[in-house]
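Read through the structure below, which is laid out as structure tokens, and then see the notes.
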Amino acid sequence: MAPAPGVPEAALLHAPPGWTRLAFVSDLHLSAQTPRTMQAFLRWLRGPALQADALFILGDLFEAWIGDDLLDDTARTVEPAQAAVAHTVACALQAFAADGRALYVQHGNRDFLLGAGFARVACARLLPDPAVVVFQGQRLLLTHGDLLCTADTAYLQFRAQVRRADWQQRALAQPLAERARQAQALRAASQAAQHGAGSWADADPAEARRWLTQFASNWMIHGHTHRPRDHWSDGQLRQVLSDWDCDTPPTDQQRAQALWLHACCGGLTVHRTDCR
């Protein structure tokens, strides 16, 4: 079926028959400035996450990714803090996948430059956005979620620009230090815009329903909006993932959740776990 106007094509992934547990996370925004969040994620990867047959990271694993050369030895002298985070996380993901677990990573609005070099080191597969995963008879529509925020027109224009291959080639041709400077400026501008608006665009429910209809699915999982919740509408379920933030006070407002799907007794159980 050809996609409807404005709806991107979706990749299709059939889960192997042996898979019984899937885990989903998004919006971890890992960086040198979020040490508690990173430690929570590393603990979770070494512990509860090992129960999953497949882990899906639906975008914004990193606060910023300025190129796979962050994993090169030379990056340690140019951008030591970012390089240390890159190496630590990539190696932890590699260890997670070492026993045959599947690891899929979608691009987010912060780490759209993740490439084949990162995937190779982390033993991950880069998952197109959107993607349909067929699991236990269910067609799960997975997306980061930024394309659903149709009211955020300025961002969508920016997204269209930076996702072009020619733009990315020019960006990656710049020295690592210059890319780091530009990324820092973009983050500062984004934070100022969010603070000034007092809010940010949410996913458009009508657009989400259009996607679900287009891809013959009644179940969508996405992140991006930092508004974790289950939305039911006319037999369709849209589950919004939690962002991860263990560094910002107050403690009772910190969060780091994973969404789990577990096949058992001829059906699926769904639950969220606190990963702090």
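The values are calculated or read from the model by the stated rules, or taken from the named source; none is laboratory data. All figures in this text were calculated on a predicted structure; none of them were measured in a lab. FYI the Cβ positions are ideal-geometry reconstructions off the backbone, even for glycines, and counts take in every protein chain you see.
For region 199-254, name all the residues that are in contact with a Ser or Thr (Cβ under 8 Å, 6 or more places away or on another chain), over 19 Å from residue 8 (Cβ atoms) and of a type in the set (A, V, I, L, M).
240, 241
Please count how many residues of region 66-90 are in contact with a Lys or Arg (Cβ under 7 Å, 6 or more places away or on another chain) and either part of a loop (DSSP other than H, G, I, E, B) or under 13 Å from residue 124 (Cβ atoms) (or both).
So the first thing to find is which residues in region 66-90 are in contact with a Lys or Arg (Cβ under 7 Å, 6 or more places away or on another chain), and the list is 66-67, 83.
Now narrow it down to the ones that are either part of a loop (DSSP other than H, G, I, E, B) or under 13 Å from residue 124 (Cβ atoms) (or both): 66-67.
Summing the residues that are in contact with a Lys or Arg (Cβ under 7 Å, 6 or more places away or on another chain) and either part of a loop (DSSP other than H, G, I, E, B) or under 13 Å from residue 124 (Cβ atoms) (or both) in region 66-90 gives 2.
Mind telling me which of the residues 59, 18, 100 ends up being touching a residue at least 12 places away in the same chain (Cβ under 8 Å), on the phi > 0 side of the Ramachandran plot and of a type in the set (Gly, Ala, Ser)? Lay out the reasoning, then the answer.
Values: 18 fails: on the phi > 0 side of the Ramachandran plot; 100 fails: touching a residue at least 12 places away in the same chain (Cβ under 8 Å).
Residue meeting the stated conditions: 59.
Against the condition within 15 Å of the chain's Cα centre (by Cα) and of a type in the set (Val, Ile, Thr), how does residue 85 come out, does it pass? Steps first, please.
On the way: within 15 Å of the chain's Cα centre (by Cα): no; of a type in the set (Val, Ile, Thr): yes.
No.
Please find, among 117, 108, the residue that is assigned to a loop (DSSP other than H, G, I, E, B) and either under 13 Å from the mean Cα position of the chain (by Cα) or modelled with pLDDT of 95 or more (or both).
Details: 117 fails: assigned to a loop (DSSP other than H, G, I, E, B).
The match here is 108.
Can you find a residue that is buried (at least 19 other Cβ atoms within 10 Å of the Cβ) and either assigned to a helix (DSSP H, G or I) or in contact with a Gly (Cβ under 8 Å, 6 or more places away or on another chain) (or both) anywhere in region 126-141?
Taking every residue of region 126-141 in turn, at least one turns out to be buried (at least 19 other Cβ atoms within 10 Å of the Cβ) and either assigned to a helix (DSSP H, G or I) or in contact with a Gly (Cβ under 8 Å, 6 or more places away or on another chain) (or both).
What number goes with the only condition from (1) of a type in the set (Gly, Ala, Ser); (2) surrounded by 12 or more Cβ atoms within 10 Å (Cβ to Cβ); (3) on the phi > 0 side of the Ramachandran plot that residue 122 does not pass?
Just one mismatch for residue 122, condition (3).
Which of (1) of a type in the set (A, V, I, L, M, F, W, C); (2) buried (at least 17 other Cβ atoms within 10 Å of the Cβ); (3) under 26 Å from residue 182 (Cβ atoms) is the odd one out, the single condition residue 116 does not satisfy?
It fails just one condition, (2).
Output the number of the condition that residue 137 fails; it satisfies all remaining conditions of (1) farther than 30 Å from residue 46 by Cα; (2) modelled with pLDDT under 95.
Only one criterion in (1) farther than 30 Å from residue 46 by Cα; (2) modelled with pLDDT under 95 is unmet by residue 137, namely (1).
Looking at region 218-276, which of the residues that are in a strand (DSSP E or B) and among the hydroxyl-bearing types (Ser, Thr, Tyr) is nearest to the chain's Cα centre (by Cα)?
Going residue by residue through region 218-276, those that are in a strand (DSSP E or B) are 219-222, 229-233, 236-240, 245, 255, 257-264, 267-274.
This time we only want the ones that are among the hydroxyl-bearing types (Ser, Thr, Tyr), so: 233, 269, 273.
Details: 233: 24, 269: 22, 273: 17 Å.
This residue is 273.
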